[in-house]
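Only the coordinates and a few stated rules stand behind these numbers; no lab work does. Here the structure is a predicted model, which is why all the values come from computation and not from measurement. Because the Cβ atoms are built from the backbone with ideal geometry, glycine has one as well, and the counts that use them run over all protein chains shown.
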Amino acid sequence: MKKKMMKWLALSLIMVLTVMAVGCAKTDKPTEPNATEDHGSDQSASQETKTPTSDIPTTESSDETPATDHPGEVDPSESEAPTGPEENPYEAMDLPEEMLPGGIVYDVDHQYLYGVGYVDDQMNNRVTVDQAVYLIKSLGSRSVRVWSNCVENSHKLKDWYVPRLHELAKKLKDAGIQVIFTFYQWESPEGTWTYIPRRNLTEGSNYMIALKNWEDMISMVVKEFPEIDYWELGNEWNHTGAINPTDYKADGSGGPAFTYEEKADITTDLILRTMRAARKAGSNATMLLPAMAPSDGMDGIAMTSYLDRIYKNIESGDWGTTNPRDFFDALAWHPYLQSMPDVEWVSNNNRVYQVAIEHGDAGIPVYLTELGFPDGGNPKADAEQANYLVAAYDLIQKYMPYVESLHYYRMFTDSSRGSDTYGLINQPEDGFGPKAKGLAYQNMTGGKGDLYKFYLPLDED
């Protein structure tokens, strides 16, 4: 009893100090990275919280910088594989009931909390629509974020791919599953898709042409998919791995990377045009702010500084409107970490949400559109990370009332572009069966269905 009391007191003290720190931080301007240096992933946190670079999904095959970076692959020790998740060491924490200011009404629908990310633009040649829908339902997922790159360029769709996406969206919605479509590239006059010209608002500049291409593309896709009620048109634009100037080179031989302020200004331009194009096209879909990445760690400034700048841009009136709903309907970020989610993780997520509160946007819903754990193909690591997954959802339910859905990244492992071992289910060429994380996810959600339905025994089995 004495130990429990000491633990409760210690946790309470941590939370008090955290709240005090957030309050004090309101008056301090975050330090921006030096734009003349090659920051890679904008890393300014300690080695412990840095996000190593790894290959992850992009919406086009390209030799350019990947559109997203995730936490690096773990290097678990070699050991015998357990048959399933180990006993979960996570215990519910005695946190204060009010971790955020009281009196906030949160506009979220908690039935969609259990989400999953399905990278259809990489899996469509290996997984049928019916297989994908069956497994998503069997996992117990209530929401799915679909990587849906379906454009040849700003004015032409991929004719071969569009019918599949219509079928996928219909069958998911018929199953009562929330569907979010996402892709995140633009066409610049230089012919690049993951790089964008430096911001130049002069009429006829390459930057203004890129913005016009983007607006045309948004209009085209939302007209094609009127059945989609949620769009996340952009991804991790606060991160050097996902947005670079056309003259930038990772080896330092080109121009400097964008600063946080430059990224935020470009994002403000893009999301204003996203909303304008979507509404003109007749879409009333919920538009998510392109999800932010914790590229300098969950305790860093990569998300808070960038989001604060976007809100300040809107408030300035320089973009023609001061209403945040003319730019986005909901917030989104990726709360990656490489260990068991805990009180500090909750506090850091709340710290990001505090930015919205400070700018008068309290109550706005949040979609955590990626959180995953790479196991490196090691079953022991997979089983341990199953516990991390369950803990994250539990903490969100208890202490993050603004979150509508957390999409586990990702549904399938994938070796089509590098090695991606985050998955809940093995890719078909690796047996098409559930991993420990997948079994734990289904058990957590109460999902029904046979996750071994499409299992393909391998020779070594």
## Note on the structure
Computed from the beta carbon distance with a Förster radius of 35 Å, FRET efficiency for E344 and E190 to the nearest 0.05 stands at 0.25
#### Entry: Under the Debye formula (equal points on every Cα, no solvent term), log10 I(q)/I(0) of region 101-445 at q = 0.10, 0.15 Å⁻¹
-0.59, -1.40
### Message
In region 404-439, whose amide N lies under 11 Å from the spot 7 Å out along Cα-to-Cβ of N125? List them in ranges.
### Response
416-417
#### Entry: Interchain or long-range residues, amide H under 5 Å from Y230's placed H
F181, T286
## Note on the structure
In whole angstrom, the spacing between the Cα centers of region 359-389 and region 124-147 equals 18 Å
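Quick one: in region 125-240, what % of C-alpha pairs are over 19 Å apart?
Details: 3492 of 6670 pairs.
Within region 125-240, distances greater than 19 Å cover 52 percent of Cα pairs.
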### Query
By counting other Cβ atoms within 10 Å of each Cβ, how are S316, S148, S347 ranked from fewest to most?
S316, S347, S148
### Message
Between K158 and D394, what is the label-point separation in nm under the 7 Å Cα-to-beta-carbon projection?
### Response
4.0 nm
#### Entry: Among beta bridges that DSSP assigns inside region 101-445, antiparallel share in %, nearest 5
10 percent
#### Entry: Share of alpha-carbon pairs per 10 Å distance bin for region 109-160, given as whole %
22, 44, 25, 9
### Query
Using the beta-carbon distance between T321 and Y455 and R0 = 45 Å, what value does 1/(1 + (r/R0)^6) give for FRET efficiency, to the nearest 0.05?
0.30
## Note on the structure
Expressed as a whole-number percentage, the relative contact order of region 101-445 with C-alpha contacts under 8 angstrom and at least six residues apart is 19 percent
## Note on the structure
Residues of region 214-229 with backbone N under 18 Å of the label point set 7 Å from the Cα of K173 along Cα→Cβ are 219-229
### Message
Among the listed pairs K137/K212; K156/K249; K280/K398, which have their C-alpha atoms separated by more than 32 angstrom in this model?
### Response
K137/K212; K280/K398
